[in-house]
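**Q** Input: one structure, supplied below.
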Amino acid sequence: DLASSQQNHSLNIEKFDLVACCEQVSSHVKKLQSQSIVVHSEDGEIWMVADLTKIKQLLLILIDNALKYSSRSIEIHITKDSTNVVIKVKDFGIGIAEEEIQHVFERFYRVDTSRDRKTGGTGLGLPIAQSIVTEHDGTIHIESKEGVGTEVIVFLPIEQEKNLTK
Ligand code: ATP
């Protein structure tokens, strides 16, 4: 439809290696000394066709959250099937209560326990992450358990067929 094709026009599509992209974002993000970011991928390179700048922003939001709401190392798992790449960002931090999970994609929503944190955010990270995923015709969901940790799972089409600019 018109709305989604217009949205797609704002994508700047190119081919890139998602594993390298993930490692690049990981090396630039702020973390505690006790934390490292372990990237697991089924292949050394996983090529996809998407908006590189937006995928970097998506990864940054998810990695930043995983580090912010945990003091331990985090894991990123990248796989693919015949049509999608699958990105899982997993932490072993404070987790999100079951009744809060449905709200965290709302703009400016922050779980009670995060509101008074020094590392305060604005509550815009996940809504932006979701809009980037939606623009790419992908899906995002969260599995979390309070006190145990959180896993954000993103499916993205390997290839955006429209508007290949490079
Ligand atoms: P920012 O806009 O800087 O990302 P934020 O982290 O508060 O700020 P969102 O990324 O939108 O905003 O996340 C919304 C809320 O969801 C957070 O305030 C936090 O309560 C919860 N949350 C998000 N990711 C995690 C996570 N990995 N572990 C625990 N809670 C999380």
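**Q** Which of the residues that make up segment 88-114 are surrounded by 14 or more Cβ atoms within 10 Å (Cβ to Cβ) and farther than 17 Å from Gly125 by Cα?
**A** Matches in segment 88-114: Phe92, Gly93, Ile94, Ala97.
**Q** How many residues does segment 16-35 contain that are at pLDDT 95 or above and over 13 Å from Lys56 (Cα atoms)?
**A** So the answer is 1.
**Q** Has segment 39-58 got at least one residue that is within 16 Å of the ligand (Cβ to nearest atom), closer than 20 Å to Ser144 by Cα and part of a helix (DSSP H, G or I)?
**A** Going through segment 39-58, the residues within 16 Å of the ligand (Cβ to nearest atom) turn out to be 54, 56-58.
Remaining after also requiring closer than 20 Å to Ser144 by Cα: 58.
Adding the requirement that they be part of a helix (DSSP H, G or I) leaves 58.
Yes, segment 39-58 contains a residue that is within 16 Å of the ligand (Cβ to nearest atom), closer than 20 Å to Ser144 by Cα and part of a helix (DSSP H, G or I).
**Q** Can you run down the residue pairs with Cβ atoms below 8 Å, 6 or more apart or on separate chains, where the first is in segment 18-39 and over 20 Å from Ala50 (Cβ atoms) and the partner is part of a loop (DSSP other than H, G, I, E, B) and among the β-branched types (Val, Ile, Thr)?
**A** Filtered contacts from segment 18-39: Ile37/Val29.
**Q** Please work out which residue is nearest to the chain's Cα centre (by Cα), limiting yourself to segment 41-59 and to residues that are at pLDDT 95 or above and loosely packed, with under 13 Cβ neighbours inside 10 Å. Even if it seems obvious, please write down each step before you answer.
**A** Pass one, segment 41-59, residues at pLDDT 95 or above: 41, 45-59.
From what's left, loosely packed, with under 13 Cβ neighbours inside 10 Å: 45, 53.
Numbers: Glu45: 18, Thr53: 13 Å.
Among residues in segment 41-59 that are at pLDDT 95 or above and loosely packed, with under 13 Cβ neighbours inside 10 Å, the one nearest to the chain's Cα centre (by Cα) is Thr53.
**Q** Can you run down the residue pairs with Cβ atoms below 7 Å, 6 or more apart or on separate chains, where the first is in segment 81-98 and in a loop (DSSP other than H, G, I, E, B) and the partner is at pLDDT 95 or above and more than 16 Å from the ligand (Cβ to nearest atom)?
**A** Short answer, once both residue conditions are applied: Thr83/Pro157; Thr83/Ile158.
The values are calculated or read from the model by the stated rules, or taken from the named source; none is laboratory data. Note that the coordinates shown come from a computational prediction; the quantities given were computed from them, not determined experimentally. So basically every Cβ, Gly included, is an ideal-geometry build from the backbone, and we count neighbours across all protein chains shown.
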